[in-house]
Amino acid sequence: MRAQTALWRFYWLDVKPAIRARRRQPQEDVITQVLERGFRDLDVLTECVTYGAAGMVTTRELITVGAWHLLEDPELLRRFRGGDRAERTQILNETLRLEPVVGHLLRRATRATTLHGENATVQVEPGDLVDLDLRAANADPQAVGEEPLGLCPDRSVATGVPASAMSLGDGHHRCPGGPIGLMEAEVFLAALFRWDIVADGPPRVRWNPVTLGYDLDGLMLRLDQPRSATVTTAWRGAPVA
């Protein structure tokens, strides 16, 4: 009941006012687009919940895999702690390139297209299902340079290739919440690693049939000192026991 109450509060206090605002003044966003396609209000709610859940899950995975890499590489962690926001975001972009949360994107072709590869030419017809292997694309040396399977924050990528390569999609399908997810991960991990944190072993790595990628669970962290000690952090000036 608590979950349903929260959903209805979200609907009446957030989604409904946004729908009314877009009907009065359309904008370049998802709600306007689905309203133009004739979606009902409850259908718009479903879209909003889907976007929210997708953003939460993918950001959670980025935070976990980012913390895992930092804890396993003392030099990378030293650089993350000593860098500014731009450098920390650069490290997270490279981590996301190497470890894309979504491993494959499946798309239906809407028109005939000819794809020219190194070894063959493929004709794609309308309605064909196209599987974009993001992990393989992100490891293409022509796009991301030498040692594509290594984590190198100073990597120089080809012109037009984003720092995270295809991990956030591209073109009209580029993830609209990507910058927010990276910002959330940077803020959270920067605050977390102000502490002397160690991991109690690696996380469990499972296959996620929805994202067609990894699913991390159980990365347990602890302070690298006796549990009874009192630690003071400068973050927001608050002592934490």
Some residue of region 161-181 being basic (Lys, Arg), surrounded by fewer than 17 Cβ atoms within 10 Å (Cβ to Cβ) and under 17 Å from the mean Cα position of the chain (by Cα): yes
Output for region 140-181, where each listed residue is of a type in the set (A, V, I, L, M, F, W, C) and closer than 22 Å to Glu75 by Cβ: Val144, Leu149, Leu151, Cys152, Val157, Ala163
Filter pass, Arg135 being of a type in the set (Lys, Arg) and assigned to a loop (DSSP other than H, G, I, E, B): no
Filter pass, Leu96 being within 18 Å of Leu71 (Cα to Cα), touching a residue at least 24 places away in the same chain (Cβ under 8 Å), open to solvent by less than 80 Å² (accessible area, probe 1.4 Å) and among the aliphatic types (A, V, I, L, M): yes
Tally of residues being touching a residue at least 12 places away in the same chain (Cβ under 8 Å), open to solvent by 30 Å² or more (accessible area, probe 1.4 Å) and out of contact with any Leu (no Cβ under 8 Å at 6 or more places or on another chain) across region 15-40: 3
Odd one out for Asn208, checked against (1) open to solvent by 50 Å² or more (accessible area, probe 1.4 Å); (2) without any contact (Cβ under 8 Å) to a residue 12 or more places away in the chain; (3) not aliphatic (A, V, I, L, M): (1)
Residue within region 100-123 that is of a type in the set (Asp, Glu) and over 17 Å from Gly181 (Cβ atoms) present: yes
Odd one out for Ala53 among (1) within 17 Å of the chain's Cα centre (by Cα); (2) under 22 Å from Lys16 (Cα atoms); (3) buried (at least 17 other Cβ atoms within 10 Å of the Cβ); (4) of a type outside the set (Ser, Thr, Tyr): (3)
Any helices (runs of 4 or more DSSP H) falling wholly within region 12-93 and containing at least 1 residues that are of a type in the set (Lys, Arg): 16-24, 41-72, 74-82
Failed item, numbered, when Leu70 is tested on (1) under 14 Å from the mean Cα position of the chain (by Cα); (2) open to solvent by less than 60 Å² (accessible area, probe 1.4 Å); (3) among the hydrophobic types (A, V, I, L, M, F, W, C): (1)
Output for region 107-135, where each listed residue is within 22 Å of Thr211 (Cβ to Cβ), of a type in the set (A, V, I, L, M) and either touching a residue at least 60 places away in the same chain (Cβ under 8 Å) or surrounded by 13 or more Cβ atoms within 10 Å (Cβ to Cβ) (or both): Ala109, Val130, Leu132, Leu134
Criterion: closer than 26 Å to Thr50 by Cβ, of a type outside the set (A, V, I, L, M) and out of contact with any His (no Cβ under 7 Å at 6 or more places or on another chain) - qualifying residue of Pro141, Pro162, Pro153, Pro148: Pro162
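The values are calculated or read from the model by the stated rules, or taken from the named source; none is laboratory data. Small disclaimer: the values here were computed from a predicted structure and weren't measured. Every residue, glycine as well, gets a Cβ built from its backbone with ideal geometry; the counts of neighbours run over all protein chains shown. When the accessible area is computed, the model is the full protein with side chains, heavy atoms only, and any ligands, DNA or RNA have been set aside. Shrake-Rupley method; radii C 1.70, N 1.55, O 1.52, S 1.80 Å.
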